[in-house]
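Beneath this line is the structure, given in structure tokens, with notes to follow.
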Amino acid sequence: MPRLAHATVGFTYEGDLVGTSTCQYVLHYTDEAGGVAVGIERLEAHVGEGGPEGSVALRHESRFGAGGVDVTWSVVPGSGTGALAGLAGTGGFTAAPEAKEWAWRLEREG
């Protein structure tokens, strides 16, 4: 039987953006093996190590199951502050089951 759940997930970013975030997810389990989730992540980061600081919200859409998780995101329009003000774009990541690290991507728009 399908069910709903809530999860709070923390992320740490290294690379072009260096910072931390928290994402609030609502998950819909479609069966025992997986489901879908939506979430809003608030990222607070420096542009590069020690660079200018800012924050931005990312809207997540995810699919998860025995093979891992596939997440796509988009920048919430108007959510950027400081060095991330005006940021627009999309991205995401794919992670294997039990993964602790993975590469993420952000394609900037404009």
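For an R0 of 25 angstrom, estimate the FRET efficiency from the Cβ-Cβ distance between Ala85 and Ala5 and round to the nearest 0.05.
Working: r = 34 Å, r/R0 = 1.35.
Efficiency, rounded to the nearest 0.05: 0.15.
Here Glu101, Glu14 are placed in order of increasing Cβ neighbour count within 10 Å, fewest first, which gives Glu101, Glu14. Among the chymotrypsin sites (Phe, Trp or Tyr not before Pro) in region 1-107, none sits in a DSSP loop with a Cβ that has at most 11 other Cβ atoms within 10 Å. Considering only Leu17, Leu58, Leu43, the Gaussian network model of the chain with Cα springs below 10 Å gives its largest mean-square fluctuation to Leu17.
Each listed q (0.15, 0.18, 0.23 Å⁻¹) maps to a log10 I(q)/I(0) for the chain, found by the Debye formula over equal Cα scatterers with no solvent: -0.65, -0.89, -1.33. In loop segments of region 13-107 as defined by DSSP, the trypsin sites (Lys or Arg not before Pro) with at most 16 further C-beta atoms inside 10 Å of their C-beta are Lys100. The HN-Hα couplings worked out from phi for region 32-39 by the Karplus form 6.51 cos²θ - 1.76 cosθ + 1.60 (θ = phi - 60°) are 5, 8, x, x, 10, 8, 10, x Hz, whole numbers, x standing for Gly and Pro.
What length, rounded to one decimal in nm, is gained on full extension from Thr22 through to Asp70, with 0.36 nm per residue of separation minus their alpha-carbon distance?
Details: separation 48, 0.36 × 48 = 17.28 nm, distance 1.76 nm.
Length gained, Thr22 through Asp70: 15.5 nm.
Straightening the chain between Glu53 and Thr12 buys 13.3 nm, computed as 0.36 nm per residue apart minus the Cα-Cα spacing.
Bear in mind that the values in this text are calculations on the coordinates, not laboratory data. This one's a predicted model, so the numbers in the text were calculated from it and none came from an experiment. All Cβ positions, even for glycine, are placed from backbone atoms using ideal geometry, and neighbour counts span all protein chains on display.
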